[in-house]
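In what follows, a structure is listed as structure tokens, so that the remarks can point back to it.
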Amino acid sequence: MIEMRTFSEEEYHQFFKGYVSDPLMDPSPFHYNREQVSRSYLYNHGGFRSDYVHMGIFYDKIPVGSFQLKRMDPEKRSCEFGIILQNDKCKNQGIGTEAIRQGMKLARDQYGMKYLIGDTMGRNKRMIHVFEKLGFTLMERIPASFELADGTKEDRLVYRINLTEVE
């Protein structure tokens, strides 16, 4: 069972202790640093950002992901989202898809958003599949907008969904 809720600081640390960066998205290995993760927790959960909500993704009560609603614009009723899963053990099980579904409802029902925007690299076929499965529409392809550590460049694909048209 997938649940999304605010992380406790201990759960946030538990998540990052098991986090492995996806080499497809970030070839630099992640190294857990307790002080750095504590600062990140305070920044993301300290109430400093009124246009930002950070939720933990829990599978059987274990933190396996992070979901953010960001740059919420109440006038345009639009926001972006971000999602990361802890490691490869959490992928290809529908966890991310279900978390995005729950995030769509949260954005619409709790924050009054009409549009949800997400983006990914052109080579992230897994995320592109999720966008298409959930009914997002490709709005823009921005050529070579991501520069990777090895110097290669990737297109940025920007997707959007009208939340009033989904259940």
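The values are calculated or read from the model by the stated rules, or taken from the named source; none is laboratory data. Treat the numbers as computed from the prediction; the structure is a model and nothing was measured. Don't worry about glycine lacking a Cβ; one is built from the backbone with ideal geometry, like all the others, and counts go over all protein chains shown.
Below are the figures for this structure:
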| item | result |
| --- | --- |
| Within region 73-90, considering residues that are of a type outside the set (Gly, Ala, Ser) and within 22 Å of Leu138 (Cβ to Cβ), the one surrounded by the most Cβ atoms within 10 Å (Cβ to Cβ) | Cys79 |
| Some residue of region 46-54 being of a type in the set (Phe, Trp, Tyr) and surrounded by fewer than 12 Cβ atoms within 10 Å (Cβ to Cβ) | yes |
| Odd one out for Arg71 among (1) touching a helix residue (DSSP H, G or I) at 6+ places or on another chain (Cβ under 8 Å); (2) at pLDDT 95 or above | (1) |
| Gly118 vs. criteria within 20 Å of Arg71 (Cα to Cα) and either exposed (fewer than 15 other Cβ atoms within 10 Å of the Cβ) or in contact (Cβ under 8 Å) with a residue 12 or more places away in the chain (or both) | yes |
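Results for (1) at positive phi; (2) of a type in the set (S, T, N, Q); (3) surrounded by 13 or more Cβ atoms within 10 Å (Cβ to Cβ); (4) touching a Lys or Arg at 6+ places or on another chain (Cβ under 8 Å), shown as yes or no for each residue.
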| site | (1), (2), (3), (4) |
| --- | --- |
| Asn124 | no, yes, yes, no |
| Lys133 | no, no, no, no |
| Arg141 | no, no, no, yes |
| Ala144 | yes, no, no, yes |
| Thr152 | no, yes, no, no |
| Arg156 | no, no, yes, yes |
